[in-house]
1. Put one equal scatterer on each alpha carbon of the range 110-152, apply the Debye formula with no solvent term, and list log10 I(q)/I(0) at q = 0.18 1/Å to two decimals.
2. Can you tell me the convex hull volume per residue for the range 449-489, based on C-alpha atoms, in Å³ to the nearest whole number?
3. Over the range 107-251, give the accessible area per residue in Å² for a 1.4 Å probe, as an integer.
4. Which one of ALA123, HIS614, VAL476 has its Cα pushed farthest toward the positive end of the charge dipole of the chain, where Lys and Arg give +1 and Asp and Glu give -1 at the Cβ?
5. Of all the C-alpha pairs in the range 445-537, what % are more than 15 Å from each other?
6. Just subtract the alpha-carbon distance of GLU630 and GLU235 from 0.36 nm times their residue separation and send over the number in nm, one decimal.
7. Given a cut-off of 22 Å, what percent of all Cα-Cα pairs of the range 1-94 lie beyond it?
8. If each Cα of the range 193-303 is one equal point scatterer, what is log10 of I(q)/I(0) from the Debye formula at q = 0.11, 0.24 Å⁻¹?
Amino acid sequence: MATVLKQSGGLSVDEEFIRRALDQAQINALRIALFQQTRDPELEEMAAVRTELRGTPYEFPKISKEHAAVIKQKAFEYLRDRDPASPSVMPSREEAAHMMEMFNGKKISEQHVDYGWGDLAFADNGFVRAARWKNKPADEELDKFHVTIIGAGFSGLMAAIQMQQLGLKFTIIERQAGLGGTWYLNDYPEARVDITSFIYQYKFEQDYPWKSHFATQGDLRDYVDYIVDKHGLREHIRLNTKVTGSVWNEENSRWDITTEDGDGNKDTLNSQFMISGAGLFSTPKLPQIEGIEKFRGKMFHTTAWDHDYDYTGKRVAVIGTGSTGSQLVRGVAAKASQLTIYQRTPNWVNQVPGYRNEVTPELRWLLDNMPGYKNWFSYHHTASAMQVEAFQYLDDEWIEKGGVVSEKNEQLRQMLQGYIRSKVGDNDELYEQLVPDYAPMSRRLVVDNDWYDSLLLDNVDLVSGPIDHFTENGIVSPDGTEREFDLVVLSAGFDVERYLWPVEYEGRDGTTLEDLWSEDGARAHLTLTIPKFPNFIILYGPNAGAVTGSFHSWMECLTRYSCRLITETIESGSKTFEIKEDVYLDYNDRLDKGLKTLLLENQGAGGGYYLNSHGRPGVTQPWTFDQFYEMIREPDFDEYSIR
């Protein structure tokens, strides 16, 4: 019988348990975490050799099996003998930079180092990217200022946490009945994030006990509640309240923000600063199909799932096969008597091993008890994700030789096509339906939640191409085939082009967003600010989609930048900040030229939402990771009129 070494969170931890935990460790992250605590030179000398994963375009720093065994043994002895009360060794920024290069097996840029230092969260009580004053005003002076934040999703909550750091008064206005933004709205079956939980989180909050490696919608709502309560945000939030309009008041340099709650009660807030965290995925898109209003069966959009409707044994249609449509098929197929999926455009679907795996007790224990491991485990995912940058840029030499985008992108295509073939076997007809005619990364990659396996079920049919029209009983295809349904699920995604909709904003001189954006869609400077709209910040605004990096990390960076505009305005005794129009125009000119180097326009964005109705990429940006991080690291106040 194994001897219990220690009790931890209700677990009896013996030597066998520790070894099981170490078997589940990401070995390179474990090596660096152990080196951080021990400074063992043998760990430093072990080479992380960058090796291409067979059959993929991905390259990872690989530790040899011999070294892995040594690392596990050293970690076992460390964990077995460690006094839990002993303090952890925290690295300096310079030491962490060296460890990041040890991890990656190569030199990394200064921008990568600084971003990684923020993600690792070893300093400043974990909140490396916190907003800070240079010369903080007295409390009685701060009491004169107020910030209105629109939206209680991850962007708006991040802005609120920064306001708390600064000691500024704020109010969050949320039109929904609950918190979490898109993760409150989307509660369809099988809803979960398609990015690992360990980077889909605020980096100053890495102790949260995730249940799954890829959090479900319910887990994400629990996480939001945890964040809101831990940081005392709930008292600042007005739920079931929509912003109906916002007008800049030149006389008192404030925004007059009109609101209406669920009972029809109207109110006006007067704030010096306004931040929109409405986000990209806030306005559901309804398909424009002839006769859709005639259908007499049940119909709803995925963002308005009717959980009271039992579709067990029913005939169900799902329209749309993007990230949402393909994700929910598994759950619907398990209950419906017949499921028919209408696919306009096939998507590239990526295999993610362990997509629905729960975090084991052993891994949870290791994250909680091996100092630094949770930080380096998260960093491992960040460093791995940075590789997708290489798939998105056009290689002129490759194209001149007859290629489509680049050699790396072609390798990705071959991997994804091989995966399709491995799932559908010799079913050539289905294979042809599933292979897109555009390059991977032209639109968002879809994560495989048993999508291909579901298509092989006896009760599932895939219908490719457009829908001709609806009838009272079902859907008619262009060839005249009518299929009857009890339920139609609309999975047409979001109208991402409608930034800040439906609020009517009016800036200086009566300027509206339509005035600024009518020519070719929404634009902003660094995704954040627009001329004629002083003291106004858009989080995850036009062209905010970075080629790589973690959403939450970018939000930490973007809110830090935004807060520096606010603090500079207050500390300088000024009333407003506003991006200069020539700076805004120059940035967007460079943006447009840069977008020509990406595959999006070249590939028509695969017919997806990355191109707006004007044919211009309005969601993503062309900047490399290093370029964009440098742009938003610190504001250039000469680009702004601060007065």
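The values are calculated or read from the model by the stated rules, or taken from the named source; none is laboratory data. Computed from a predicted structure; not experimentally measured. Using ideal geometry, Cβ is built from the backbone for each residue, glycine included, and neighbour counts are taken over all protein chains shown. What goes into the accessible areas is simple: the full protein's heavy atoms, side chains included, and nothing from ligands, DNA or RNA. Shrake-Rupley method; radii C 1.70, N 1.55, O 1.52, S 1.80 Å.
1. For the range 110-152 at q = 0.18 Å⁻¹, log10 I(q)/I(0) is -0.79.
2. It comes to 100 Å³ per residue, whole-number rounded.
3. Spelled out: the 1.4 Å probe surface of the range 107-251, per residue, equals 38 Å².
4. Checked the options; the winner is ALA123.
5. Numbers: 3227 of 4278 pairs.
Cα-Cα pairs in the range 445-537 separated by more than 15 Å: 75 percent.
6. So the chain would gain 138.7 nm between GLU630 and GLU235.
7. In whole percent, the share of Cα-Cα pairs in the range 1-94 beyond 22 Å is 39.
8. -0.65, -1.30
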